[in-house]
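One structure is given here, and the rest of the page talks about it.
Just so it is clear, none of the values below were taken in a lab; they were calculated from the coordinates. What you see is a predicted model; the values in this text were computed from it and never measured. All Cβ positions, even for glycine, are placed from backbone atoms using ideal geometry, and neighbour counts span all protein chains on display.
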Amino acid sequence: MKRLAWTGFGTACVFLQGCSGWQSALDPKGPAASELAWLIWFFTALCAVIWVLVMIALATPLLMRPLARSEPLALDSGADRRKLRVVVIAVGLTAAIVVGLTLLSFFANRTLAAIGSDAALTIRVTGHQWWWEVRYEDATPSRILTTANEIHIPAGEPVRLLLTSTDVIHSFWVPSLSGKLDLIPGHINVLDIKADKPGVYRGQCAEFCGAQHANMGTFIIAEPRAKFDAWWNDQLQPAGPPASDEAKAGEDLFLSRPCVMCHRIGGTPAGGTVAPDLTHIASRRTLAAGTLTMSRGNLAAWIADPQGVKPGSHMPVVELNGDELNAIVAYLEGLK
Amino acid sequence: MRHGAAMFLFTLLTLAACQREERDTRPQSSLGSGEQPMPVTTLEPGGQRPSASDNKAASFEANAFHLSEGKRLFSWFNCSGCHANGGGGMGPALMDQKWLYGSSIENIHATIRDGRPKGMPSFRDKIPDDQIWELAAFVRSLSGNAPSSAAPQRNDDMMPHPSENRMPDAATLGKSP
Ligand SMILES: [Cu+2]
């Protein structure tokens, strides 16, 4: 029995390790997440105290021996009144605690809603099975930027996210920065986030959306304002010309094969909008919504067999021979 | 003890539900390439038409997964730009019984892959072969040529017709029931 208890305790401790790192609601890195983490801790602590008190109240009479009374059936109005008082007090306390917690979460919600009231940057995040389309809005049309799966934001500034979807319901959740909010087809939800410090925070789709729901990750990359602006300007540039003959062959293949039907590469005729924009694919950290890290080998693995890496994903296997595959990879690898 | 055994058997039974529908998402090259000649007309020297059946056809027709993929690709590849949602526009309607180039899945596959002279572009090399078969199977379902148990059952946007699984059978189309 004791052994079992220790094993249970040990396992619980191991799970606790999951509570820190780049994707944890208990390791807040922004005002919204801090507010929520505080709420989680307070609710849990209060409920734990109440639970212990209730258990004590329950166990005491069970463990105590019944009082030997001379006349068990005799009425004792004094004792009844005392018991009634205990019940009334307990009901009163319960009501007060429930109302108190409701008020707390209400005020927490107000804080969350106020975070982005003066947001200067608006980003539209569109959920697709199973990746994220990210569009930076700007009053100047030529500065509107579309990318995928990675969301760069300026650190220390509130950012407004407009969440929507084109197929099924997804949910946007970056635990270290904010709570969850659904992406609903034909509807826009507004989520305001703010990262206090520069850093990389991982997010995950939090609403089951089909076969590859588990591999629908995203990254929020918070950078100092100057770095963020430089990144935005870089990303606005069309893809540069291929650097080598092999990469040039890769570009030609990309444009003459099915790739061109789905993907966009700025500066080339490839203008598909149903799949991630690849204009600066090599500048991203991961491939296929956090499924693989970015490297030449992983690019080749993905293009050769997307259905092996992410079975059911909406990128079909395109039959290519070894040379063709190498050329395409060389081309994409150069799209920094 | 008896109860224990019964519970165990019951649990075993529920495991049967863990089987997932199988989906062929990889190219089925072993089934053929769809490369054999497709008749565009019935006028053949010698009165004999080349065989117009493909091994691949059977595994795509009447398969709910492939039909729904075809439906998605129909808008992804902008077939709807010329054919609307089957009702026709610059290209002919695909939800009626009239076929300019044959109604069999092989003929439709050939239409999509090689194009047709009066404005249907060729998608050879632009759409992987399996996806062309998916599109062809879906095009057939637009005119009720797919079992209602497999045809797509929901439209996400305005359609000139009910969802594909509620389309009348081509044989009864145009006749009152
Ligand atoms: Cu999901």
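Take the residue pairs B:98/B:126; B:98/B:118; A:248/B:126; B:71/B:126; A:180/A:310 and return only those whose Cα atoms are more than 21 Å apart.
Numbers: B:98/B:126 27 Å; B:98/B:118 16 Å; A:248/B:126 19 Å; B:71/B:126 17 Å; A:180/A:310 24 Å.
Over 21 Å Cα-Cα: B:98/B:126; A:180/A:310.
Which FRET efficiency value, to the nearest 0.05, is calculated for residue A:95 and residue A:64 with the Förster distance at 35 angstrom and r the Cβ-Cβ distance? Don't skip to the end; give the middle numbers.
On the way: r = 29 Å, r/R0 = 0.82.
Computed FRET efficiency for residue A:95 and residue A:64: 0.75.
Rounded to the nearest 20, the size of the Cβ-charge dipole of the range A:245-333 about its Cα centre is 440 debye, with Lys and Arg at +1 and Asp and Glu at -1. Computed from Cα atoms, the angle from the helix A:322-333 axis to the main principal axis of chain A rounds to 70 degrees.
Take the alpha carbon gyration tensor of the range B:54-170, find the square roots of its eigenvalues, order them as a ≥ b ≥ c, and report rounded if a/c is under 1.5; if not, report prolate when a/b exceeds b/c, else oblate. If you can, show how the numbers build up before the last one.
Values: a/c = 1.41, a/b = 1.14, b/c = 1.24.
It is rounded, given that a/c, with a ≥ b ≥ c, falls under 1.5.
By DSSP, what percent of the beta bridges with both residues in the protein assembly as shown are antiparallel, rounded to the nearest 5? Display every interim value, and only then the final one.
Working: 30 of 43 bridges.
If we restrict to bridges inside the protein assembly as shown, about 70 percent are antiparallel.
Take A:305-317, B:64-76 and order them by the average number of nearby Cβ atoms within 10 Å per residue, most first; the result is B:64-76, A:305-317.
Over the range A:293-336, what relative contact order in percent results from Cα pairs under 8 Å that are six or more residues apart?
39
Using the Cβ-Cβ distance between residue A:113 and residue B:80 with R0 set to 35 Å, the FRET efficiency from 1/(1 + (r/R0)^6) comes to roughly 0.30.
Placing pseudo-labels 7 Å out from each Cα toward the beta carbon at residue A:138 and residue A:245 gives an inter-label distance of 3.8 nm. Rounded to the nearest 10 degrees, the inclination of helix A:245-256 to the longest alpha-carbon principal axis of chain A is 70 degrees. Remark: A:164, A:273 ranked as A:273, A:164, counting other beta-carbon atoms within 10 Å and listing the fewest first.
Express as a percent, rounded to the nearest 5, the fraction of DSSP beta bridges in the range A:121-236 (both residues included) that run antiparallel.
Numbers: 26 of 39 bridges.
Among the beta bridges of the range A:121-236, antiparallel pairing accounts for roughly 65 percent.
Positive-end ranking of A:314, A:327, A:269 along the dipole of the range A:245-333, with charges on Cβ about the Cα centre, is headed by A:314. For chain A, the relative contact order is 15 percent, taking Cα pairs closer than 8 Å that sit 6 or more residues apart in sequence and dividing their mean separation by the residue count. Taking the C-alpha atoms only, the angle from helix A:225-236 to the longest principal axis of chain A is near 50 degrees.
Within the set of other residues whose C-beta is less than 15 Å from the C-beta of residue A:223, count the net charge using Lys and Arg as +1 and Asp and Glu as -1.
+2
For the range A:121-236, the relative contact order works out to 28 percent when only alpha carbon pairs closer than 8 Å and six or more residues apart are counted. Rounded to the nearest 20 debye, the dipole size of the range A:45-146 about its Cα centre is 420 debye, using +1 on the Cβ of Lys and Arg and -1 on the Cβ of Asp and Glu. For residue A:155, the shell of other residues with beta-carbons less than 14 Å away shows a net charge of +1, using +1 for Lys and Arg and -1 for Asp and Glu.
Could you compute the net charge surrounding residue A:135? Neighbours are other residues with a C-beta less than 11 Å from the C-beta of residue A:135; K and R count +1, D and E count -1. Here the count lands on -3.
Amide H contacts of residue A:121 (H built 1.01 Å from N, in plane; Pro and chain starts excluded): A:160 sit under 5 Å, all sequence-distant by 5 or more or on other chains. Computed from backbone phi with θ = phi - 60° and the Karplus coefficients 6.51, -1.76 and 1.60, the 3J(HN,Hα) list for the range A:31-44 is x, 5, 5, 4, 4, 5, 5, 4, 4, 4, 5, 5, 4, 5 Hz; x is used for glycine and proline.
Entry note, the protein assembly as shown: the mean residue ellipticity at 222 nm calculated from DSSP H runs of n ≥ 4, each adding -39500 (n - 2.57), is -12500 deg cm²/dmol after division by the residues and rounding to the nearest 500. Computed from the C-beta positions of residue A:52 and residue B:55 and an R0 of 45 Å, the FRET efficiency is 0.05 to the nearest 0.05. Measuring between their Cα centroids, the range A:223-294 and the range A:87-120 lie 46 Å from each other.
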